1. For the stretch 123-135, which residues satisfy the criterion of being crowded, with 19+ Cβ neighbours inside 10 Å and modelled with pLDDT of 95 or more?
2. State yes or no: is Asp110 modelled with pLDDT of 95 or more, within 22 Å of Asp135 (Cα to Cα) and within 18 Å of the chain's Cα centre (by Cα)?
3. Based on this model, can you work out whether Ala42 counts as in contact (Cβ under 8 Å) with a residue 60 or more places away in the chain and touching a Lys or Arg at 6+ places or on another chain (Cβ under 9 Å)?
4. Output the residues belonging to the stretch 50-65 that are over 12 Å from Gly106 (Cα atoms), surrounded by fewer than 20 Cβ atoms within 10 Å (Cβ to Cβ) and in contact with a strand residue (DSSP E or B) (Cβ under 8 Å, 6 or more places away or on another chain).
5. Please verify whether the stretch 123-131 includes one or more residues that are part of a strand (DSSP E or B), more than 30 Å from Pro62 (Cα to Cα) and in contact with a Pro (Cβ under 8 Å, 6 or more places away or on another chain).
6. Within the stretch 88-122, take every residue that is among the polar types (S, T, N, Q) and assigned to a strand (DSSP E or B) and give me the one that is farthest from Asp48 (Cα to Cα).
7. Hey, could you check the stretch 80-122 for residues that are touching a Leu at 6+ places or on another chain (Cβ under 7 Å), under 17 Å from Gly61 (Cα atoms) and free of Cβ contacts under 8 Å to residues at least 60 places away in the same chain and say which is most open to solvent (accessible area, probe 1.4 Å)?
Amino acid sequence: GGGGGGGAGVGVGGGDPTGGMHPSIETPVPGQRNPVAVNVQALEPSIDGRHVTVLLSWWSGPAPCSVLDSVDVVRDGMTITMTPREGSDPTVGGQVACPAIAMLRGTIVDLGELEPGTWTLASSGDLAPITITID
């Protein structure tokens, strides 16, 4: 069986940076214009045996101005760093007005089967890493 550990990370200043809201789940759409790393607000791991998925949540603007392009996943020993990248939809050109509306977005990263041990999960932004234990 798998063990837990950690929980949703907490941003600078403490409290729940998502305000208790649930994110709109996004699927990456590669090929966005000028993708940049987003500031992840929460990491929520889910462990089923040794299989691990992680919900990453962040605040962003609406499409087509902000569209999830990809998630970089880098493993260094027992540390996994996940970096979502957003860009703008290249099909609309630069002629669209982008409203200043904040939306809570998220994506699920499937880390697959992890070896037993204590793992550190990290992300882009100011969020502190969390640890999980796989039995």
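The values are calculated or read from the model by the stated rules, or taken from the named source; none is laboratory data. Owing to the predicted nature of the structure, the values given are computational and were not obtained by experimental measurement. In this analysis, Cβ positions are derived from the backbone assuming ideal geometry, glycine residues included, and neighbour counts consider all displayed protein chains. These accessible areas exclude ligands, DNA and RNA; they are computed on the full protein's heavy atoms, side chains included. Shrake-Rupley method; radii C 1.70, N 1.55, O 1.52, S 1.80 Å.
1. Selection gives Ser123, Ile130, Ile132, Ile134.
2. So Asp110 passes the test.
3. no
4. Scanning the stretch 50-65 gives Arg50, His51, Thr53, Gly61, Pro62, Pro64, Cys65.
5. Among the residues of the stretch 123-131, not one is part of a strand (DSSP E or B), more than 30 Å from Pro62 (Cα to Cα) and in contact with a Pro (Cβ under 8 Å, 6 or more places away or on another chain), which makes the answer no.
6. To start, the set of residues in the stretch 88-122 that are among the polar types (S, T, N, Q) comprises 88, 91, 95, 107, 118, 120.
Next, from what is left, pick out any that are assigned to a strand (DSSP E or B): 88, 107, 118, 120.
On the way: Ser88: 35, Thr107: 18, Thr118: 15, Thr120: 17 Å.
Restricting to residues being among the polar types (S, T, N, Q) and assigned to a strand (DSSP E or B), the top hit is Ser88.
7. My answer is Glu86.
Table: residues versus (1) part of a loop (DSSP other than H, G, I, E, B); (2) modelled with pLDDT under 95; (3) over 19 Å from Ala100 (Cα atoms); (4) small (Gly, Ala, Ser).
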position: Gly7; (1), (2), (3), (4): yes, yes, yes, yes
position: Pro45; (1), (2), (3), (4): no, no, yes, no
position: Val52; (1), (2), (3), (4): no, no, yes, no
position: Trp58; (1), (2), (3), (4): no, no, no, no
position: Val71; (1), (2), (3), (4): no, no, yes, no
